[in-house]
Amino acid sequence: MMHKIGFIGCGNMGRAIIKGIVTSGVCEPGDIIASAHTQATIDAAHEQFGIDVTLDNTQAASAEIVVLAVKPYMFDEVVPQIAPALPEDVILVSIAPAKTLAWLSETAGVAKVVRLMPNTPAAVGEGMTSVVPNDACTQEDVDRVLAIVNSFGKSEFIPEKLIDAGSAVAGCAPAFFYMFIEAMADAAVLEGMPRAQAYRFAAQAAVGSGKMVLESGQHPGALKDAVCSPGGTTIEGVRTLEEMGMRGAVIDALMATVDKAQSL
Ligand SMILES: NC(=O)c1ccc[n+]([C@@H]2O[C@H](COP(=O)([O-])OP(=O)(O)OC[C@H]3O[C@@H](n4cnc5c(N)ncnc54)[C@H](OP(=O)(O)O)[C@@H]3O)[C@@H](O)[C@H]2O)c1
């Protein structure tokens, strides 16, 4: 029986997606096969998720949907290697920056290609994924990919030229939020709060703030204003963040990720 999804590589992002898929139940573990470079990685994936595993990329490539989840620099080696094993009607999915739909289709010798830019919160069903199908994909193909992607979070279609922006503001963003949570917890610890409790407070404040933006329909600036009582404590923090160049630092950091993606 042909597997429904094959993963070439199952590192941080591959595992986050597999965890999201298996937890949501959109696919049975037995519908999924994953390959990796080392035995230890595939053993761990089999143990954790109950999926089929192999060290042979061509075996993982014999699936209805094949997800390329190796580092971008590996694509020049791995895509030609799996090309002869890909089923003719395969939907080839890439989660990497830099490799375009045109490059993927030509190098793999397949018609249907989808670029996704997911993020690791997929592992807890709160992913945010950019979706870019090529013209050869039918509505049914796109729906099949969306069923998988939406099983581990939210998704939106974007034009291919915006994939690096999507990567900055969703793919890379968790790292920046973790830094913000860690820094805020450091301040609470400085005030005497136990560290584990400080992480819970900062993380839940982040979750709640994100939900407010998504669900209230209000501008983030208006939501910020509502927290800042005149002459109060929060506005002192706002002044300090602005003095330290918070907005400029954030914009520069995201643009640095875009520059790097475009240089790969
Ligand atoms: N991490 C993120 O948050 C994130 C977000 C969006 C997109 N992405 C993209 O996702 C892709 C994977 O990133 P990652 O963070 O998951 O990297 P990673 O943790 O380094 O995982 C890479 C995986 O590729 C496997 N691998 C290496 N050489 C291989 C080969 N020749 N054949 C088959 N598998 C091989 C590795 O196996 P071993 O474990 O056995 O070495 C590992 O399982 C990248 O293109 C990245 O840009 C990542």
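The values are calculated or read from the model by the stated rules, or taken from the named source; none is laboratory data. Note that the coordinates shown come from a computational prediction; the quantities given were computed from them, not determined experimentally. Methodologically, a virtual Cβ is constructed for each residue, glycine included, from the backbone with ideal geometry; neighbour enumeration extends over all protein chains shown.
For region 27-36, indicate whether the set of residues that are in a helix (DSSP H, G or I), more than 22 Å from Arg115 (Cβ to Cβ) and either in contact (Cβ under 8 Å) with a residue 60 or more places away in the chain or within 20 Å of the chain's Cα centre (by Cα) (or both) is non-empty. No, there is no match, as no residue in region 27-36 is in a helix (DSSP H, G or I), more than 22 Å from Arg115 (Cβ to Cβ) and either in contact (Cβ under 8 Å) with a residue 60 or more places away in the chain or within 20 Å of the chain's Cα centre (by Cα) (or both).
Within the option set Val189, Val169, being among the β-branched types (Val, Ile, Thr) and either closer than 29 Å to Ala122 by Cα or at pLDDT below 95 (or both) holds for one residue only, Val169. Scoring Val79 on the criteria (1) touching a helix residue (DSSP H, G or I) at 6+ places or on another chain (Cβ under 6 Å); (2) assigned to a loop (DSSP other than H, G, I, E, B) leaves a single failure, condition (2). Filtering region 158-174 for residues that are more than 15 Å from the ligand (Cβ to nearest atom) and either in contact with an Asp or Glu (Cβ under 9 Å, 6 or more places away or on another chain) or not in a helix (DSSP H, G or I) (or both) leaves a non-empty set.
Conditions (1) of a type in the set (S, T, N, Q); (2) out of contact with any Asp or Glu (no Cβ under 7 Å at 6 or more places or on another chain); (3) not assigned by TED's automatic domain parsing to the domain that holds Gly153, marked per residue:
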{"site": "Gly30", "(1), (2), (3)": "no, no, no"}
{"site": "Thr38", "(1), (2), (3)": "yes, yes, no"}
{"site": "Gly50", "(1), (2), (3)": "no, yes, no"}
{"site": "Ala63", "(1), (2), (3)": "no, yes, no"}
{"site": "Ala69", "(1), (2), (3)": "no, yes, no"}
{"site": "Val78", "(1), (2), (3)": "no, yes, no"}
{"site": "Gln81", "(1), (2), (3)": "yes, yes, no"}
{"site": "Ile95", "(1), (2), (3)": "no, yes, no"}
{"site": "Ala111", "(1), (2), (3)": "no, yes, no"}
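Within region 22-49, the set of residues being under 25 Å from Lys154 (Cα atoms) and out of contact with any strand residue (DSSP E or B) (no Cβ under 7 Å at 6 or more places or on another chain) comprises Val22, Thr23, Ser24, Gly25, Val26, Glu28, Pro29, Gln48, Phe49.
Among residues of region 115-132 that are assigned to a helix (DSSP H, G or I), those with a beta-carbon under 7 Å from a residue that is among the aliphatic types (A, V, I, L, M) at least six positions away or on a different chain give the pairs Thr120/Met13; Thr120/Ala16; Ala122/Ala16; Ala122/Ile17; Ala123/Ala16.
In the condition set (1) within 11 Å of the ligand (Cβ to nearest atom); (2) not in a helix (DSSP H, G or I), Ala136 is compliant with all but (1). Screening the candidates Glu47, Glu28, Glu64, Glu88 for the property of being within 25 Å of Ser130 (Cβ to Cβ), more than 7 Å from the ligand (Cβ to nearest atom) and of a type in the set (Asp, Glu) yields one hit, Glu64.
Residues of region 67-85 that are among the small types (Gly, Ala, Ser) and within 8 Å of the ligand (Cβ to nearest atom): Ala69 alone. Gln218 fulfils the conditions (1) over 26 Å from Val149 (Cβ atoms); (2) more than 16 Å from the ligand (Cβ to nearest atom); (3) part of a helix (DSSP H, G or I) except for a single criterion, (3).
Residues of region 112-140 being surrounded by fewer than 18 Cβ atoms within 10 Å (Cβ to Cβ) and out of contact with any helix residue (DSSP H, G or I) (no Cβ under 7 Å at 6 or more places or on another chain), which ones?
Within region 112-140, the first condition is being surrounded by fewer than 18 Cβ atoms within 10 Å (Cβ to Cβ), and the residues that meet it are 124-126, 135-136, 138-140.
Val124, Glu126, Asp135, Ala136, Thr138, Gln139, Glu140, listed by residue number.
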